[in-house]
Amino acid sequence: MKALVYHGPRKRAWEEKPKPTIQKPTDAIIRITKTTICGTDLHIMKGDVPEVIEGLILGHEGIGVIEEVGRGVSNFIVGNKVIISCTTSCGSCDACRKGMYSHCETGGWILGHMIDGTQAEYVRIPHADNSLYHYPDDVNEEAMVMLSDILPTGFECGVLKGQIQPGDTVAIVGAGPIGLSALLSAQFFSPAEIIMVDLDENRLNTAKTFGATKLVTNNAIENIMKLTNGKGVDVAIEAVGTSATFDICQSIIAAGGHIANIGIHGKSVELHLEKLWSRNITITTRLLDTVTTSMLLKIVLSGKLQPEKLVTHRFALNEIMKAYDTFGNAAKEKALKVILTN
Ligand SMILES: NC(=O)c1ccc[n+]([C@@H]2O[C@H](COP(=O)([O-])OP(=O)(O)OC[C@H]3O[C@@H](n4cnc5c(N)ncnc54)[C@H](O)[C@@H]3O)[C@@H](O)[C@H]2O)c1
Ligand SMILES: [Zn+2]
Ligand SMILES: [Zn+2]
């Protein structure tokens, strides 16, 4: 089969690899029908995720059709259409029983990280029963791809951790696919204001059509304090992963507020406890657990949420080298999510 293979920092190739086979009775083999590229894949390509070994197939998102199942798989049969969760989980270890699939003792984020991923014609999914989701025939399949990672990430790590309440003023710093997913799902809780912060005007314009009530490009701290009459926001969601954007969040948080960090931080941030200690605030972090995937799927199927709106570019799977170039130049290409169809 063909696959997108990592060959060390800045080196990748679309090349021949052996088709995966069942290794454990709980595995399934999926024929990929659609996959995508994540900002995290770009981090890997830069060499920021050193545990990724040369020769690994990248990708942790996608949908497909079951090609083969191990004898221990009971929820899926050959021919089923499935969403592949980016988080692999056994469902029965201590962490899984606490709902922390991301810390599953024999899973977590392993696809396209520790084991071969989804940017290929076929992929092996361990713990298939708990790591795949059925979806019906008559749906927008691009929306299904958004359920692998970005929609549950924005919702679980941003919206749920931020504990958004009706009437709240919310700021989301970063209008990439994750920040925009948080924007879409924040509206389940009817906040009064959602202020989107980004440097990229094009992404902010998209945010406006997704329900943002205010947009902020520069001087974020000053402008948000002005917009909130000096009070700050009830919930600040960090969806970038830099010291500068974490600093915006801690500078605009109102007394009693929640800062929900989603961004992956490669460097330390400065925490201003000398200002925050008396303000009754909560700071949370989370690695995506995907425990809300079934719930989000129901909402998408009901038509109340249209995550396919995040898709800006489409390619055939064998054009993935070109797709990486486009996605790697997201600002210039006005790219959010790219869909690759096999
Ligand atoms: N916690 C988790 O489990 C989890 C899962 C997936 C992704 N992530 C992380 O979430 C973050 C967002 O992901 P994404 O794919 O949307 O990323 P992205 O790079 O596409 O989007 C980030 C956005 O932040 C904006 N930005 C950068 N610096 C800024 C600044 N100083 N002020 C305002 N805006 C600024 C950029 O213009 C961009 O639009 C990343 O760090 C990603 O690694 C975390
Ligand atoms: Zn991802
Ligand atoms: Zn587990």
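The values are calculated or read from the model by the stated rules, or taken from the named source; none is laboratory data. Note that the structure is predicted; figures quoted are calculated from it, not measured. FYI the Cβ positions are ideal-geometry reconstructions off the backbone, even for glycines, and counts take in every protein chain you see. Side chains included, ligands, DNA and RNA excluded: accessible areas come from the protein's heavy atoms. Shrake-Rupley method; radii C 1.70, N 1.55, O 1.52, S 1.80 Å.
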Hey, what's the Cα Rg ratio for the range 41-184 versus the globular rule of thumb, 2.2 N^0.38 Å? 1.12
Convex hull around the C-alpha positions of the range 246-322: the volume in Å³ per residue is 193 Å³
Restricting to aspartates and glutamates and to Cα separations under 17 Å from Lys214, and discarding same-chain partners fewer than 8 apart, the set is Asp168, Glu193, Asp198, Asp200, Glu201, Glu222, Asp234, Glu238
How much area per residue is accessible in the range 208-319 when the probe is 1.4 Å and only protein heavy atoms are counted (Å²)? 52 Å²
Dividing the surface of the Cα convex hull of the range 20-76 by four yields a projected area in nm² of 4.8 nm²
Proximal charge balance of Asn80 [Cβ under 13 Å; K/R count +1, D/E count -1]: -2
With the 1.4 Å probe rolled over protein heavy atoms, the range 103-187 has an accessible area per residue in Å² of 28 Å²
Listed highest first by mean packing, meaning other Cβ atoms within 10 Å per residue, what order do 77-84, 38-45 come in? 38-45, 77-84
Figure the gain on full extension for Glu51 and Thr217 (residue separation times 0.36 nm, minus the Cα-Cα span) and round it to one decimal in nm. 56.3 nm
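As a test of the formula, what do you get for the chain when each DSSP H run with n ≥ 4 contributes -39,500 (n - 2.57) and the sum is divided by the residue count, at 222 nm and rounded to the nearest 500 deg cm²/dmol?
-6000 deg cm²/dmol
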The chain: antiparallel DSSP beta bridges as a percent of all, rounded to 5: 50 percent
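With the Cα gyration tensor of the range 126-226 giving a ≥ b ≥ c as the square roots of its eigenvalues, does the rule (a/c under 1.5 for rounded; else a/b larger than b/c for prolate; else oblate) give rounded, prolate or oblate? Display every interim value, and only then the final one.
Numbers: a/c = 2.36, a/b = 1.93, b/c = 1.22.
In terms of gyration-tensor shape, prolate.
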Subtracting the Cα-Cα distance of Gln23 and Glu274 from 0.36 nm times their residue separation yields 85.0 nm
Restraint check, Lys34/Lys334; Lys208/Lys304; Lys11/Lys322, Cα-Cα greater than 19 Å: Lys34/Lys334
Below 13 angstrom from the Cβ of Ile29, what's the summed charge of the other residues (Lys, Arg +1; Asp, Glu -1)? -1
What is the spin-label model distance, in nm, from Glu141 to Met225 if the labels are put 7 Å beyond Cα along the C-beta direction? 5.2 nm
Between Met1 and Ser190, 0.36 nm times their residue separation minus their Cα-Cα distance comes to what? 63.4 nm
Radius of gyration and maximum dimension Dmax of the chain, Cα, Å: 19.9, 62
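What accessible area per residue comes out for the range 1-65, rounded to a whole number of Å², with a 1.4 Å probe?
On a per-residue basis, the range 1-65 sits at 42 Å².
Report in % the part of the accessible area of the chain that belongs to carbon and sulfur, leaving out ligands and nucleic acids; probe 1.4 Å.
C and S atoms contribute 51 percent here.
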